[in-house]
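Written below as structure tokens is the structure these notes are about.
The values are calculated or read from the model by the stated rules, or taken from the named source; none is laboratory data. The structure presented is a predicted model; accordingly, all values stated were derived computationally and were not measured. Heads up, the Cβs are rebuilt from the backbone with ideal geometry, glycines too, and the neighbour counts pull from every protein chain shown.
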Amino acid sequence: MISIIDITENAAKEIKKIRGAENRPEGENLRVSIVGGGCSGFSYHLEFGSKKEGDMIVSAHDVELLVDSKSALFLSGTQLDFTSGLNGKGFEFSNPNATRTCGCGSSFAV
């Protein structure tokens with residue numbers, strides 16, 4: 001069975017760091033969703049929030065992500081990583097469902 005999102009250790013560390021810096025209350029987790037837009041048709045959206053009805057919870061490295069059922073269809077098998085190299089710093093998605101991505105790295109097509 002393929003997990004919805006594979007969270008790398010680097011991504012989990014950064015999520016914990018941001019959560020602490022923003023003093024997020026217990027019960028608020030990072031929500032990963034897919035929204036329409038971007039130069040390729042769909043974009044990844046990250047925000048902290050509470051669990052809603054129908055959300056799936058993905059756990060790894062002591063963090064939990066929230067994913068709505070519609071976004072889960074587009075995210076199945078995706079890896080969420082965090083990098084801080086010469087090309088910049090930020091979360092990166094490796095999505096096997098994407099047929100096309102753009103140069104910004106946050107937009108894709110299926």
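Go through the range 65-81 and give me each residue that's free of Cβ contacts under 8 Å to residues at least 60 places away in the same chain and exposed (fewer than 14 other Cβ atoms within 10 Å of the Cβ). Quick ask: steps written out before the conclusion?
Of all residues in the range 65-81, those free of Cβ contacts under 8 Å to residues at least 60 places away in the same chain come to 66, 68-71, 73-74.
Of everything in the range 65-81, those that are free of Cβ contacts under 8 Å to residues at least 60 places away in the same chain and exposed (fewer than 14 other Cβ atoms within 10 Å of the Cβ) turn out to be 69, 70, 73.
I'm trying to understand the selection: among the residues of the range 5-37, which are aliphatic (A, V, I, L, M) and either within 17 Å of residue 82 (Cα to Cα) or over 11 Å from the mean Cα position of the chain (by Cα) (or both)?
5, 7, 11, 12, 15, 18, 21, 30, 32, 35
Restrict the check to the range 11-18 and report whether at least one residue is of a type in the set (A, V, I, L, M, F, W, C) and more than 16 Å from residue 94 (Cβ to Cβ).
yes
Across the range 49-64, which residue is surrounded by the fewest Cβ atoms within 10 Å (Cβ to Cβ) among those that are of a type in the set (D, E, K, R) and either within 17 Å of residue 93 (Cβ to Cβ) or over 13 Å from the mean Cα position of the chain (by Cα) (or both)?
53
Quick one: residue 72 ticks every box in (1) farther than 21 Å from residue 16 by Cα; (2) not in a helix (DSSP H, G or I) except a single one, so which number is it?
(2) is the only condition that residue 72 fails.
Specify the residue that is farthest from residue 37 (Cα to Cα); the eligible residues are those in the range 87-105 that are modelled with pLDDT under 75 and in a loop (DSSP other than H, G, I, E, B).
87
Against the definition (aliphatic (A, V, I, L, M), under 11 Å from the mean Cα position of the chain (by Cα) and under 13 Å from residue 7 (Cα atoms)), how does residue 46 come out, yes or no?
no
Please work out which one of (1) out of contact with any Phe, Trp or Tyr (no Cβ under 7 Å at 6 or more places or on another chain); (2) surrounded by 11 or more Cβ atoms within 10 Å (Cβ to Cβ); (3) part of a strand (DSSP E or B) is the condition residue 84 fails and give its number.
That leaves (2) as the condition not met.
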